[in-house]
Amino acid sequence: MKFVIDRSATTLGSIVAVFAAAGSIASFSMPSSAEPQVTDIVAQRVVDLTHAFNAKTIYWPTAPARFGMERLAYGPTEGGYFYAAYSISTPEHGGTHLDAPIHFSERGRTADQVPLEQLIGPAVVIDVADHAKADRDYRLSVEDVKAFEAREGRIRRGTLVLLRTGWSRHWPDVKAYLGDDTPGDASKLSFPSYGEEAARMLVEERQVAVLGVDTASIDYGRSQDFRVHRVAAARNVPGLENLTNLDQLPIRGATVIALPMKIEGGSGGPLRAIALVPRK
C-alpha cells in the first residue's frame with residue numbers, strides 16, 4: 001500500500017492511496033503540478049496515539065458527564081443473523097481529543113473547519129519526561145525548544161509538535177494523571193505541559209500546525225488563565241490532548257494523522273490519532 005502526499009509549502013496538495021490485494025487495485029487522487037513524495041505504508045510501523053473510550057476515560061473535572069455507551073441491540077435476530085448496535089454520548093473535551101481554535105477564540109475555526117492538511121503531516125517529539133518526573137508542574141520553556149533545535153535542527157513550518165511528558169503512564173488513574181480527583185473542581189490540578197513563551201515561539205515564530213501533548217491540556221495543570229490555549233487559538237492552531245504512546249515515536253521522521261469527529265460548529269471532539277513510523 002502506498003500513501004502519496006504532495007505538499008506545497010505546508011498545504012496538502014495531493015493524496016493518492018493505492019491498495020493492492022488479491023490482484024485488485026483501487027486508487028484515488030487529486031492532480032498536482034508538484035512532484036509528489038511517496039510514503040510506502042508497508043514500510044511503515046503504525047502507532048496508535050489514542051486512548052480507547054470507555055467507562056474509565058478521563059474528562060476535565062467540570063465536565064457534566066462521562067463517556068456513555070448504551071446497548072441497543074446485541075444478539076441473533078429473527079432473520080437468523082447476528083446484529084449489534086449502541087448509542088454513545090460524550091462531552092467534547094475528554095479522552096484523546098482535539099481542541100478546535102474556537103475553544104478559546106471567538107473567531108477561531110470550529111472542529112469541522114480545521115483543514116485536514118493541518119492535521120496530517122510530519123511530527124517532532126520534544127521529550128521533557130525527565131523534567132516532568134522531577135517536577136509534575138513542569139512547563140516547556142523557550143530554552144527547551146532552542147536546545148531541541150540545537151540537537152535536531154530547526155522546527156519547520158507546518159510541523160505537528162508533540163510534547164512527551166511520560167504522563168500517559170498514569171492513565172486511567174484520575175488522581176495520578178490530573179493531580180486531583182475532586183469532582184467538579186479544576187482548581188487543584190497538577191500536571192506538566194507547554195509554557196506560554198515556548199508555545200508562542202512555536203506558534204508565532206515557527207508557525208507549527210498543531211500542539212499535541214500526552215497530558216490533559218496544552219496548558220499545565222495549575223493554569224487558571226489558559227494562556228497557551230489562547231496563544232494557539234489566536235493563530236488557529238488546534239491542540240491534541242491526552243495522547244499516548246509518544247515514547248514509541250522517533251524525535252523526527254514520523255507522519256501523524258489526527259482526525260477528529262467532524263462536529264459542525266464544535267469546539268473540539270473525540271480524536272483518532274495515529275503515527276506512521278519508517279521501519280528500520
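The values are calculated or read from the model by the stated rules, or taken from the named source; none is laboratory data. For clarity, every value in this text was computed on a predicted model and none was experimentally measured. Note that each Cβ is placed from the backbone with ideal geometry, even for glycine, and that neighbours are counted across all protein chains shown. Just the protein is used for accessible areas: all its heavy atoms, side chains included, with ligands, DNA and RNA removed. Shrake-Rupley method; radii C 1.70, N 1.55, O 1.52, S 1.80 Å.
On a straight-distance basis, which lysines could pair with Lys133 in a cross-link, Cα separation under 22 angstrom, same-chain partners fewer than 8 positions away excluded?
Partners within reach: Lys146, Lys175, Lys188.
With +1 assigned to the C-beta of every Lys and Arg and -1 to the C-beta of every Asp and Glu, and no other charges, what is the dipole magnitude of the chain about the Cα centre in debye, to the nearest 20?
Working: 31 positive and 33 negative charges, 102 e Å.
Charge dipole, the chain, about its Cα centre: 480 debye, nearest 20.
Please compute the Kirkwood hydrodynamic radius over the chain, one decimal place, Å, based on all pairs of different Cα atoms.
This gives a value of 19.9 Å.
Calculate one ³J(HN,Hα) per residue across the range 238-245 by plugging θ = phi - 60° into the Karplus curve 6.51 cos²θ - 1.76 cosθ + 1.60, and present them in order as whole Hz with x for glycine and proline.
My calculation for the range 238-245 gives x, x, 10, 10, 6, 6, 9, 6 Hz in order.
Taking 0.36 nm per intervening residue step and subtracting the Cα-Cα distance, what contour gain separates Ala84 from Asp48 on full extension?
10.4 nm
For the range 224-280, with the dipole built from +1 on Lys and Arg beta-carbon atoms and -1 on Asp and Glu ones, taken about the Cα centre, which of Ile251, Ile274, Gly239 lies farthest toward the positive end?
Checking the options against the dipole of the range 224-280, the answer is Ile251.
Decide, for the range 33-113, between rounded, prolate and oblate: order the square roots of the alpha carbon gyration tensor eigenvalues as a ≥ b ≥ c, take rounded if a/c falls under 1.5, and otherwise choose prolate if a/b is larger than b/c, else oblate.
oblate
Given a 1.4 Å probe and every protein chain left where it sits, what share in percent of the accessible area of the range 228-280 is carbon and sulfur?
Looking at the range 228-280 in its full context, I get 49 percent from C and S.
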